[in-house]
1. Looking at B:241, B:234, B:183, B:165, which one is β-branched (Val, Ile, Thr) and farther than 21 Å from residue B:57 by Cβ?
2. Which one is farthest from the other protein chains (Cβ to nearest Cβ) among residues in region A:73-114 that are crowded, with 17+ Cβ neighbours inside 10 Å and assigned to a loop (DSSP other than H, G, I, E, B)?
3. May I ask you to verify whether residue B:111 is surrounded by 19 or more Cβ atoms within 10 Å (Cβ to Cβ), in contact (Cβ under 8 Å) with a residue 24 or more places away in the chain, closer than 14 Å to residue B:17 by Cβ and within 14 Å of another protein chain (Cβ to nearest Cβ)?
4. Considering only region A:125-159, state which residues are among the hydrophobic types (A, V, I, L, M, F, W, C), touching a helix residue (DSSP H, G or I) at 6+ places or on another chain (Cβ under 6 Å) and not in a strand (DSSP E or B).
5. Residue B:70: among the hydroxyl-bearing types (Ser, Thr, Tyr), outside any loop (DSSP other than H, G, I, E, B), touching a Gly at 6+ places or on another chain (Cβ under 7 Å) and buried (at least 20 other Cβ atoms within 10 Å of the Cβ), yes or no?
6. Got a number for residues in region B:245-277 being in contact with a Leu (Cβ under 8 Å, 6 or more places away or on another chain), part of a helix (DSSP H, G or I) and surrounded by fewer than 13 Cβ atoms within 10 Å (Cβ to Cβ)?
7. Answer yes or no as to whether residue B:239 is at pLDDT 95 or above, among the small types (Gly, Ala, Ser) and closer than 18 Å to residue B:153 by Cα.
Amino acid sequence: MSIPFGGYASPEQIMRDRAEYARKGIARGRSVVVMQYADGILFVAPNPSKALHKISEIYDRIGFAAVGRYNEFESLRLAGIRYADINGYTFNRNDVTGRGLANLYAQHLGMIFTESIKSFEVEIVVAEVGDSPEDDQIYRITFDGSVFDEQGMAVIGGQSDAVAGRLKERYSEGLPLPRALDAALSALTEPGGERPPATQLEVAVLDRGREHRKFLRLTGPRLEKLLEAAKESQEGARQPAGEQPGEASAGQAQAGQAPDTAPPTAPEGDIDTGSGE
Amino acid sequence: MASQPAWMNSLFTYTGSSSFSEFLGVHAPNLLPRNESLAVPVGDEIPHATTIVAATCAGGVVMAGDRRATSGNIISQRDIEKVFRTDDYSCMGIAGTASTGLELARLYRVELEHYEKTEGRSLSTEGKAHRLATMIRGNLPMAMQGLVVVPLFAAYDPSRDSGRIFSYDVGGGPYEQQEFHSIGSGSIFARGSLKKLYREGASPQDTVLTCLHALYDAADDDSATGGPDVMRKIWPVVAVITADGFRRLPDEEVAEYVESMLAGRKTAPEGPTAPLR
């Protein structure tokens, strides 16, 4: 029998350390944006890999986005697909809901956070597209199993606060797809930075208008065309952002804290500590 | 927690293949189609689905099925559907025991989708055909007891830019068929008709008409196959699969085809004739 550590560590300390560890891991990567647009829900992730996806289809109406450690969120993704398929097969296809899936993830992540030595270094979004925009649901689930019912948009990973700040400036309800993509890309790009090209992007939508399976990955010429349209809509989109100088300057101040170089090892400002606040 | 199904514990830990039915077989075998032996073989009491025809066309494949299910000499359902979309580029038709066939089609659809979601790519056309063969073979003990179900599988193969047809027997398969094929009680009559009316490289529209003629001829000579029901407006199910994906023709469109066919049959009840020389 070996005791690796002689001193006493309080449960609070242990939890804090775990949360700190997880948060550092999550902040290391790039952010992922999930937001509503006129016809559904848009997912955008800067991702140079064509094979290791951060965005995925779970079921007919449900999409999944994740940041953090690939092997960890991949196992969550596969479990979600199994859960959805087995429920849809046992009952009926529309008996599979985003809420049920978010609860499953929350249960599992919460259990791992309290019971394992190392918590998962992941943050995920489960989004479900409804028949109308009011029925759309976006759930953000953190490494400790907390579930947040997000309204309209969610940003996970990287410098999520700064990105969310920039996205809020440009976001409004019912944006057409090119405008929404433009807003997401502007938010993901540091001020003055260059936008990632199509090859460095992973983009997908849950399109309410599609039959059967709503999830559609946008790649190749289709994505390039959309990026072109997004660029054209840029001028139009800038205008309303300029009308709110208060918010815009707040966004710039936030971005000013973080230099354009390497991302910080941990996010600044308030982030969920895992202690339920 | 004690009441949760056993598969809930396996969602996150399963490390097997991307096959949905294998996952069910290991962790939830009760959800798989029945595979026990019956005390007494069942025969005609269980509804049977009848004729399915399929024919390749320019850049794709057409499948059509009549709407009748019979239990012995009774018509048990007039508007049953036996042609199912299995994914964007494939469909299957079933002949034999209706209940087993419906369940098989439902499971097979999830099977293809599950692979696609977990692996991030679709199965190859051969892969899809082989997978169906294994599932049919699994039903062999039930088939020996009278619950025979035999599918016909049709798919658009993107790697060849053409339609392909695969048939099966109770022991599995697949047997790839060239040009056209039919299964079910009226299949001999349908095949005779297809043999005379099939034109290589015909347009999808012409091939739909060919298939409808074949079904009509099957219904003409086989009591278990239903013809188009003009009074109740029940038309055959017709599916066309091309590079654009699976498309089930809406009832109004099928009605137009059927009416033009019936108009021709009024003057020539045996249908169009093939040139002798």
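1. B:234
2. By that ranking, first place goes to A:97.
3. yes
4. A:143
5. No; evaluated as a whole, the condition is false for this residue.
6. Qualifying residue count for the region: 1.
7. So residue B:239 passes the test.
Each row is one residue, and each column tells you yes or no for (1) within 14 Å of another protein chain (Cβ to nearest Cβ); (2) crowded, with 24+ Cβ neighbours inside 10 Å; (3) assigned to a helix (DSSP H, G or I).
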| site | (1), (2), (3) |
| --- | --- |
| B:128 | no, yes, yes |
| B:135 | yes, no, yes |
| B:166 | no, yes, no |
| B:182 | no, yes, no |
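The values are calculated or read from the model by the stated rules, or taken from the named source; none is laboratory data. Quick caveat, the model's predicted, so the values are computed rather than measured. Every residue, glycine as well, gets a Cβ built from its backbone with ideal geometry; the counts of neighbours run over all protein chains shown.
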